[in-house]
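First comes the structure, then the notes that go with it.
Read the figures in this text as sums done on the coordinates, not as results from a lab. Predicted model, so just to flag it, every value in this text is computed and none were measured. A quick note on method: Cβ atoms are made from the backbone with ideal geometry, for glycine too, and the neighbour counts reach across all protein chains shown.
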Amino acid sequence: MTLLGSGIFKGMAVTFRNFVGSYFHRERLPTNDYSWRTEGSLPQHAGDYPKEEGEQLRDTTTVTNYSRNFPMLLHDGSEPMDTIRCVACQICERSCPPQCIYIEKSTEKKEDSSGKMQFYPATFDIDVSVCMSCQICVEVCPFDAIVMNSQFELSTPNRFGGLLLHQGDLLKSNDYYHKIHPEEAAARDKRIADEKTAKEAKKKAAAEAAKKKAEAKAGAETEAGDEKKEVAE
Amino acid sequence: MTLHHYLILAALLFCVGLMGAFTRRNAIVVLFSVEIMLNAANLNFIAFWRYSENPALLHGPLFTLFAIAVAAAEVAVGLALMIAVYRHFKTVDLESMDTLREE
Amino acid sequence: MNEVVAFWILSVIAVFGALVAVRKRNLIHGVFALLVFFAGLSGLFLLLLAEFIAAVQVLVYIGAVGILLLFAIMLTERVTGDDDRRVTSRGWFWGLVVTAAVFVVLLLPAIQQLPPPKAAQTIDPSVKELGHKLMNPYVVTLEVLALLLTAALIGAVTAAQGVRMPKEEDSPE
Amino acid sequence: MSLEPLTLTDILIATVPLMLIFATLFAFTTWLERKALARIQNRIGPNKVGIPCTRIGLFGLGQPAADGIKMIFKEDIVPRGADRLFHLLAPILALIPAMLVLCFLPLNFPWIKNIQGLVKPFMLDGAVIFFFAITGLNTLAVFMAGWASRNKYSLLGGIRAVAQMVSYEIPLVLSAVIVVMMVGSLNAAEIVKEQADEYWFILSPWGFTAFVIFFIAALAETNRSPFDLPEAESEIIAGYFTEYSGFKFALFFLGEYIAMFAISGLAVTLFLGGGDGPGVTMNPEDQGLATEAFPGLSAVWFLAKIFALIAVMIWLRGTLPRLRVDQLMGFAWKFMLPLSILNILVAGFAWHAEQLDNTIITVITWVISFAVLYGAASGLNQLNRGKVRPREYKYAE
């Protein structure tokens, strides 16, 4: 049995680490204090809010990798819709507490990045004016398709629908994810790769035991696994 | 200050309570009035004790303590009854609770 | 000098509070006026050097009874506390007459029969002495009081709980 | 004891510095709280307002003054349909009891040495009872504010506050009873003296249990996080002060922080030895006042201990999420109340064991009482467990 109240002390230790750390590691501070910086190094649009409809500030280079704001969708390649990880299973839509996610499933399947036939989201909208950044969608996603973005300057001149992010706004490459949250992305990719190799090993063992079409299948999947590892590195 | 000042004040407070109990229809206000009367009595106890021959016996404060405890119990039970009555009659108006009266 | 001023201020507060409490139409205002009355009385107890009783008065009457009354009003009347029906009872005239009579009867002995007022003695009532008294000669009273309070607690819960609805009538959530 | 020798000068000397000191500390604490919370959340916190008309930030120490000026000049809005009188009285009623109870803290400021007995209320025989009595008035102010605003959220906040404060007042008083039992007096100065002579009560098993219960109940009494349900902004906007703005809001704010000081001060008095510390000797002859290395040292110790408790409160606010209403009530009635009643029993046995004045018996008593209390706490914890499960994901896996 654990010590009574130890959970509270654990939490207090975490907050205390944050408290002390914020004095010694300036990169922990996600606050965007423009007054720290000289005139030239301000982000391009700082203090200059969007004038045209649909235009949004998209500078995320100044936040730290401890910052999380709203969800984004991951894809693996250069052509977003071909390599989208989301298969429109709608788990995130149903577990979202404020119900800010809207998904429409595609009618036909399409090849995903590993060459498997999958459904894909025909529409994927997140209303960030409703989203409360709880990360439950990230936790429930079995495909690692939705993660948190740190983009924060989302102001828009359009009150109606301006904060409704569509698929095009949400889709970000895995490389971008590595750029904004390096540690988390590396851990996630490692886990995906591990799971994949474990699955393969299991499948291989099963296939060898059955002695059925072992070579072709194993060959195809090892290739895919290698690709995955390259991305992780 | 003399004992008489306190006694007259207590009598006045008691009569205010009595007036409330006689002239209001709402059962909760009648309960207020009973509380006022009890407190006036407590004031008398303390005043008599203060001006008594032998205050070291502490009769006044002891009796007042017991009176306060009993009054607290009375309020609790009284209000619980009132809630039960309200649930039954949908009112706490004393004059509409007349089901025992002959028609 | 201090004592006289304090006495008059506190007695005006107490009488005013009591009058407002019994005559105010809005019940919640009435409760707060009642609390003003209790506070004034507590001040008078302090003036009579019964400091422990004054503290208990604040603790029990203002802290507990006041809250209880507020809750009872919110549970029985409307939340606003307004009483828009006729508030004065049918027998109000005879009530006032009886009240006046009682007042006169109470005052007559107070004025006539009591010995002439003495100078107030300086007394030192210690809470410790009160505790010893409660534990030694009055311990049976104290125990009976504890029993009474427990009985009142159980009685209040049973009375306020009302009749429990049968299981079938519970609406399925 | 009588009122007669009391003069206005005595009263002013006793009260005005107390109010000024605590109002200043209030301003400082708001700044401290905002800074500490910001740092806990990896932010910077207020850092701009310093000396006016210069760019000197002074770590944002000017922020409380700026906030105060803003509050005073803001429009005072009273909603239509609100009870105007009660709407005005509620913040005043919230502040007065909080200010009043400060007098019952045994703070040995040098300037109160020579004034009359009655303006040192902590020398009263029933000081601790008075403290609890007056603290209870805060509940009424909260209810009044909630009711007078004529707003559903305010009323909900008010009712939540009343239910919470009434429930947590019981463990609060019961845990203070232990100290009163051990000392045999309700006099705050005597409680401090006893601790200076023997040991601080927090260092004994029953005293520690009582202190933890007291501290948790104090958090609930002052509506501090994680028990800040009456003002839970994500559920009921701002609870009972939703409809307050400008100076009335500032009064509420001030009252809340002063209440925090007061209740921490009582915790310091009861469990942490009051103004006791290195360089201070509690002097029984001098009406429980202290002999100090330099004047005011014991008051400094006292305030330092208060600030330590306030710092823990802020730290907890940065750490713990808000409780649910049923968890809050369950915790008070099913965990704190049985534990504090058992604690009174244990403390009673321990007192009798200490009267024997035998070191071995004392040590055995301490060990046994520690085991009993810890076992009881764990047992109650186990009994109350099982209702709350970790979050389940309905559709995943």
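What are the membrane-span-like helices in chain B by this rule: whole DSSP H runs, Cα extent along the axis at least 20 Å, mean Kyte-Doolittle hydropathy at least 1.6? Going by DSSP H runs, the hits are B:3-23.
Got the relative contact order for chain B handy, in percent, Cα pairs under 8 Å and 6 or more residues apart?
Rounded, it is 27 percent for chain B.
For the peptides D:126-132, B:52-58, D:193-199, the ranking by mean Cβ contacts within 10 Å, running from highest to lowest, is D:126-132, D:193-199, B:52-58.
Which residue, D:Gly330, D:Gly81, D:Gly158, tops the fluctuation ranking in a GNM of chain D built on C-alpha contacts under 10 Å? Answer for the Gaussian network model of chain D: D:Gly81. Exposure proxy for B:Phe89, D:Phe331, D:Phe73: other Cβ atoms within 10 Å of each Cβ, ordered fewest to most, give D:Phe73, B:Phe89, D:Phe331. Scanning chain D for long hydrophobic helices, with DSSP H runs required to stretch 30 angstrom or more by C-alpha along their axis and to average at least -0.5 on the Kyte-Doolittle scale, returns D:8-40, D:152-183, D:246-271, D:297-319, D:359-384.
Reducing segment B:9-55 and segment D:5-37 to their Cα centroids gives an inter-centroid distance of 39 Å.
Filter D:Lys35/D:Lys120; A:Lys110/A:Lys211; D:Lys305/D:Lys334; A:Lys105/A:Lys203 down to the pairs with a C-alpha to C-alpha distance above 32 Å, please.
Checking Cα-Cα distances, D:Lys35/D:Lys120 exceed 32 Å.
Per residue of C:97-109, other chain Cβ atoms within 10 Å of the residue Cβ number 4 on average. As a rough footprinting exposure proxy, the listed residues D:Asp83, B:Asp98 were ranked by other beta carbons within 10 Å of their own, and the order from fewest upward is B:Asp98, D:Asp83.
Note on segment B:3-95: Cα Rg divided by 2.2 N^0.38 Å, N the number of residues, gives 1.31. Each peptide in C:101-109, B:64-72 receives the mean, over its residues, of other Cβ atoms within 10 Å, and ordering these scores from highest gives B:64-72, C:101-109.
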